[in-house]
Structures are given as structure tokens and as C-alpha cells.
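Down below is the structure, laid out as C-alpha cells.
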Amino acid sequence: MSDFKRRDFLERLGIGAAGILLGGYSAKAGGFAANETINVGCIGTGGRCRQLMGKFSQLPGVRIVAACDI
């Protein structure tokens, strides 16, 4: 089993979000279809995750659906 830490998860999540932004993702002005909306779940709601959640909430077509911490 690999040693996958929360920081690694958040880093990969950020890279994925950046890829979406740089990839030219666009949505229709009338809203987002279900398959055009990215649902995000955040694990660990410390300071860094709260910053990411704030940025994700500003992205069009991205919805935070879950947050988890101990």
C-alpha cells in the first residue's frame, strides 16, 4: 500500500482543477448540464483546504458536495 497523504491528495486535486481551467473548459450561459458539473469532495478542512474550497466555489461548473475531517 502506498503512503498517500492528505497533502498529496490536495496537490493532485489542485493540478486537476488547473488542468480544467487551462484546458479551455467552457459551459453554456443557460447553466450546466449534469455531465458538465464537477462535484468535489474535500478531505481535511484545515487552512489549505479552506483556501481551495473558496477557489473551487468561484469556478463555473464546480460544486463542492462534501467535506470531511476528524
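Across the range 42-52, rounded Karplus estimates of 3J(HN,Hα) from the backbone phi angles (6.51 cos²θ - 1.76 cosθ + 1.60, θ = phi - 60°) give 10, 10, x, 9, x, x, 5, 5, 4, 5, 5 Hz, Gly and Pro being marked x. Contact order for the range 30-70, expressed relative to its length and based on alpha carbon pairs under 8 Å spaced 6+ residues apart, stands at 52 percent.
Between the amide H of residue 44 and those of 68, 69, distances stay under 5 Å, these residues lying 5 or more places away or on another chain, with hydrogens modeled in the peptide plane.
Over the range 30-70, the fraction of Cα-Cα pairs per 10 Å bin, rounded to whole percents and listed from the shortest bin up, is 29, 49, 19, 3.
No value in this document is a laboratory result; all are computed from the given coordinates. Owing to the predicted nature of the structure, the values given are computational and were not obtained by experimental measurement.
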